[in-house]
Each structure stands twice: as C-alpha cells, then as structure tokens.
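Here is the structure we will look at.
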Amino acid sequence: MTSTFPFLWIAYSPFSGRTAGWNCDKQPGAHTSSVQETLLPLRGLVYWYRATGNERARRATKRAAEFLLERRLLWRKRDGALIEPEWGGPVDKIHYPIRFYDVLSVLLVMAEMGMVRDRRCRDALDLLERKRLADGTFPVEWTNVTKADRIKTRGTYADWGTLHKKRGNLLVTVDALYVLREAGRVV
C-alpha cells in the first residue's frame, strides 16, 4: 500500500490552525472544523491504520474522534444545542442510503474505532435506542434519494429497502444493532 492520499489527510487537514477535525471550507475565516467533513476522512483513516499500522494515521484518528466526542457527537460545544448543518440533513435523524452526518453514522464510526463506550457517546446512544420500532427494527428517517426507473438527478436504481419513518429498514437495523452491541447495550 503505497498510496499517499491518506497522508494528505494526515498532513494538511486536521491540524491547520483549527481543532482536530477537518473543514473543506475555502474561507480562511472558518474557526472550527466541520463534523460533516470530519466523519468520512476519520472513517477512512481508521481503516488505513488497520491496514497499514501507520502511527500517524492512528494519532490523527484519535484527535479527530476527540473533536467529535467533545461535542457529544451531535451537540454544539459552545452551547450544547443540537448541531444544525447547512446541508446533509438533520443530525438527530437516521439517514440512508447516503449518510453525511447523522446519529447512526457517527455512532457507527465510534463503534468501528472501539470508542462507542466512551461516556460522551451516551446521549447519542440513548437517542438511537429511542428510534427502535416495536418490531425491533430501525427506520430511515431522512433520505435525499428517490427510486427511479430512468436516469435523473438524485435518483437511484438500487433497492435500498424500506425508506419510511414508521417501518424498519433491514440495512439500517444491522448497523444500529452492531452499534448497540458494541456499546454494551442490550440488543
């Protein structure tokens, strides 16, 4: 594995005068990192570290995870209010199939990192548990795709399962149950 792409994340992004996350904002006036723009690079670096053992990648993931944990994953550090992103959907809803930053996606990354039992994940875990339906499944609460039989913007040919707030989606349920199991919560 000789690709230098992950090293660009390590070298240039999380430590550019901001906190330990990433921000793709071209405006130099941005004073904090973005939770949305931190999560996917973080997940990629977690897997890069697992595949290569690269110590710089491990340190970068720990710092980026700390950036998210300082916010209890879903709440602003400054005042404790729920994070309200300008794009990508509400963070307190389960997104699927495209996940920018939401309660399940951030908990999934914390579980993959072995950090979901951190006390600062509790509020997000409680929120996730409250979303469980009577039949034990979890719903899709927000999506930005529609099923299409022809090519169109934001359309998909794939069957992503049930995309309904009151019916469970098996693909979402698998992730949610994995997170809860890793958190030591009864599944």
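The values are calculated or read from the model by the stated rules, or taken from the named source; none is laboratory data. These numbers come from a predicted model, not from an experiment. Cβ sites come from the backbone with ideal geometry, for glycine too, and all protein chains shown count toward neighbours.
Which one is surrounded by the most Cβ atoms within 10 Å (Cβ to Cβ), of the residues in region 59-112 that are assigned to a helix (DSSP H, G or I) and in contact with a strand residue (DSSP E or B) (Cβ under 8 Å, 6 or more places away or on another chain)?
Restricting to residues being assigned to a helix (DSSP H, G or I) and in contact with a strand residue (DSSP E or B) (Cβ under 8 Å, 6 or more places away or on another chain), the top hit is A64.
Scan L8, L45 and give me the residue that is closer than 17 Å to S105 by Cβ and either aliphatic (A, V, I, L, M) or modelled with pLDDT under 70 (or both). Spell out how you get there, then give the answer.
Details: L8 fails: closer than 17 Å to S105 by Cβ.
On inspection, the qualifying residue turns out to be L45.
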Whichever residue in region 160-187 is without any contact (Cβ under 8 Å) to a residue 60 or more places away in the chain and within 16 Å of the chain's Cα centre (by Cα) and, among such residues, is nearest to L107 (Cα to Cα): L180
Look through D102, D126, D118 and report the one residue that is among the acidic types (D, E), at pLDDT 85 or above and touching a His at 6+ places or on another chain (Cβ under 8 Å). D102
Can you spot a residue in region 146-157 that is surrounded by fewer than 19 Cβ atoms within 10 Å (Cβ to Cβ), at pLDDT 95 or above and basic (K, R)? no
Of all residues in region 164-187 being in contact with a strand residue (DSSP E or B) (Cβ under 8 Å, 6 or more places away or on another chain) and either in a helix (DSSP H, G or I) or farther than 16 Å from E129 by Cβ (or both), which is modelled with the lowest pLDDT? H164
